[in-house]
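Asker: Below you'll find the structure I mean.
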Amino acid sequence: MRVLIIGAGIGGLTLAQALRRGGIDVAVYDRDPRVEATGGYRLHLDERACSALRRHLTPAHYQALLASSPGWRAFRRFAVADHRMRLLFAEPRPPSSETLMIGRIPLRRLLAYGLDDVLTFDATYTGHRAGPGGTVTAHFADGRTDRGDLLVGADGAGSRVAAALAGRPTTVPAGVSGIAGRTPLTSRTRTLVPELLREGPALAFGPRGVGLFVTVHDPAAGTLVDPASCADVPAVIEPPTLIWGALAPDGLYPGDPRTLDGAALIGLTDALLRGWDESVRALVRAGDPSSTAYFRFHTTDPGTDLTPWPAGAVTALGDAVHAMPPTGGMAAATAVRDADILAEELAQVLAGRSTIPMAVHRYQSRMSAYAPEAVRTSMQPLGWVHRLAGPVGTRLAQVTLPIVATAARLGRHVTGAPVA
Ligand SMILES: Cc1cc2nc3c(=O)[nH]c(=O)nc-3n(C[C@H](O)[C@H](O)[C@H](O)COP(=O)(O)OP(=O)(O)OC[C@H]3O[C@@H](n4cnc5c(N)ncnc54)[C@H](O)[C@@H]3O)c2cc1C
């Protein structure tokens, strides 16, 4: 059995590692020129995703992931705050839960480790055709082709593979856009970091529907495994930074932010944060322009059939079928879960207990049971952004957020999503 994977992102590479370890022939194609030629900040992988990676990678390989990520002490709770960085409520995290919070580039590099002979970059998928004997042939922009028994679209939000299967785009803009960047943590900038970030990330909301995700990312400060002990597969340690990402309704951005460079995007973020906590604004202004980017959030309608095609020799996973904004911290973990399940079903084919279409059918129905919930959860903060965007929401934010913050400071139990 030969599996062609389009997209060497988080889901595609996890699938490639799992299939390879399971003895299945695999080829991965990505349009990027190199593995590290990508963007992204930090990804969160939950206990289930960690367990899948532990099973599908060699022990030395998984050890390198642990050594490249801060341990659970960096994520003891998730805080929701108002625009003055006053705690509204916090969700504590169990100390036992295995979690990876790893830079997207280190994660991609580590997931690609050992796959050099099956990984082709500079290869943009353009379409596919059914071939003889149930095979499928993938076509690429430079004219090359490849044939396999199964083609998997792991090509992310805006997937061409999934769109070809569904006969329509599987992803729509969510109406909210973001500007994200990194601020190097130095002796000066560390003094500006709000107290409430000591125990984990925070999502803050303010008037006009502006939100800000902010977190300290300092892998070397608290890895569970000593990076120096990673002799076989080297750890990838990023320098200490503050990662921030502003989000706001599309209509709040003047002009076309895609035309702006990093410095101008930082200026635009500072303008969006007018009236916010001054330390946070100073941290954003100290951001590294080369790390700053504008992006539009995309989503999939969780109420629709995610795989509206008959199971056969082509399928898709990850953001390609269930794009979700990063606001739930669930997209990467869900892509890893998909890859895990598809690999498990394909192992049955190799063992003679299933066929490729049956394996695809089982994967697609199992995935449809959990992915819509992840999309809904991830969309919730965008709902708050929309609700706070209008004049009523802004007034409500001005009046309600300080009251909720005071109540929280006084120790009263605040539940749910009171900001909306
Ligand atoms: C550049 C970038 C930065 C990101 N930054 C963050 C972040 O900071 N935080 C966060 O939570 N999420 C981020 N994400 C999204 C996050 O990686 C995914 O939501 C999650 O990991 C799900 O992974 P996936 O494998 O489905 O898709 P992805 O990890 O997005 O991978 C998709 C891959 O498919 C490739 N591809 C797309 N089209 C084609 C084509 N036609 N031919 C060949 N290859 C193709 C892309 O180059 C990419 O490598 C980012 C995604 C990208 C692409």
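Coordinate-derived values only; no laboratory data. Every value quoted in this text rests on a predicted model; they were computed, and no experiment measured them. Note: ideal-geometry Cβ built from the backbone for every residue, glycine included; neighbour counts use all protein chains shown.
Asker: By per-residue mean of other Cβ atoms within 10 Å, what is the highest-first order of 334-343, 78-87, 255-264?
Answerer: Listed from highest to lowest mean packing, they are 334-343, 78-87, 255-264.
Asker: How are the alpha carbon pair distances in the stretch 301-344 distributed across 5 Å bins from zero to the largest one, expressed in percent?
Answerer: 5, 20, 26, 28, 15, 5, 1
Asker: Continuing with the same structure: Using only Cα atoms, locate the centre of the stretch 309-371 and the centre of the stretch 29-101, then give the distance between them in Å, rounded to an integer.
Answerer: Centre-to-centre distance over Cα atoms comes out at 21 Å.
Asker: Cα atoms only, the stretch 1-140: Rg and Dmax in Å?
Answerer: 18.4, 63
Asker: Here's another thing I want to ask about it. Two-decimal Rg/Rh of the stretch 108-160 from alpha-carbon positions, Kirkwood Rh?
Answerer: A ratio of 0.99.
Asker: I'd like the antiparallel share, as a percent to the nearest 5, of DSSP beta bridges with both residues in the chain.
Answerer: Taking every DSSP beta bridge with both residues in the chain, the antiparallel ones total about 70 percent.
Asker: Once the piece of chain linking R376 and R2 is laid out straight, how much longer is it, given 0.36 nm per residue of separation minus the C-alpha distance between them? Before the final figure, lay out each step's value.
Answerer: Values: separation 374, 0.36 × 374 = 134.64 nm, distance 3.44 nm.
Stretched fully, the R376-R2 segment lengthens by 131.2 nm.
Asker: Another question, then. What is the calculated FRET efficiency for T191 to T38, with r their C-beta to C-beta distance and R₀ = 41 Å, to the nearest 0.05?
Answerer: The computed FRET efficiency comes out at 0.80.
Asker: Now, a different point. Can you compute the equivalent ellipsoid semi-axes for the chain, i.e. the square root of 5 times each eigenvalue of the Cα gyration tensor, sorted largest first and rounded to whole Å?
Answerer: 38, 24, 20
Asker: Taking the Cα centre of the chain as origin, work out the dipole magnitude from +1 charges on Lys and Arg Cβ and -1 charges on Asp and Glu Cβ, in debye rounded to 20. Don't jump to the answer; show the numbers that get you there.
Answerer: On the way: 42 positive and 37 negative charges, 193 e Å.
Roughly 920 debye, rounded to the nearest 20.
Asker: What per residue convex hull volume, in Å³, do the alpha-carbon atoms of the stretch 71-120 yield? Please report the intermediate quantities before stating the final value.
Answerer: On the way: hull volume 6.0 nm³, N = 50.
Taking only Cα atoms, the stretch 71-120 has a hull volume of 119 Å³ per residue.
Asker: Over the alpha-carbon set of the stretch 207-331, work out the extent along each principal axis and list the three values in angstrom, largest first.
Answerer: 54, 49, 25
Asker: Could you give the spread of the C-alpha atoms of the stretch 234-292 along their three principal axes, from largest to smallest, in whole angstroms?
Answerer: Taking max minus min along each principal axis of the Cα atoms, the stretch 234-292 gives 44, 27, 19 Å.
Asker: Give the share of C-alpha pairs in each 5 angstrom bin for the stretch 1-76, from 0 to the last occupied bin, in whole percents, shortest bins first.
Answerer: Final binned percentages: 3, 12, 21, 23, 21, 13, 4, 2, 0.
Asker: With each pseudo-label sitting 7 Å past Cα toward Cβ, what's the R366-D256 distance in nm, one decimal?
Answerer: For R366 paired with D256, the spin-label model returns 4.4 nm.
Asker: Something else now. Tell me the Kirkwood hydrodynamic radius of the stretch 90-194 in angstroms, computed as one over the mean inverse distance between distinct C-alpha pairs.
Answerer: Numbers: mean 1/r = 0.0537 Å⁻¹.
Hydrodynamic radius (Kirkwood, Cα pairs) of the stretch 90-194 is 18.6 Å.
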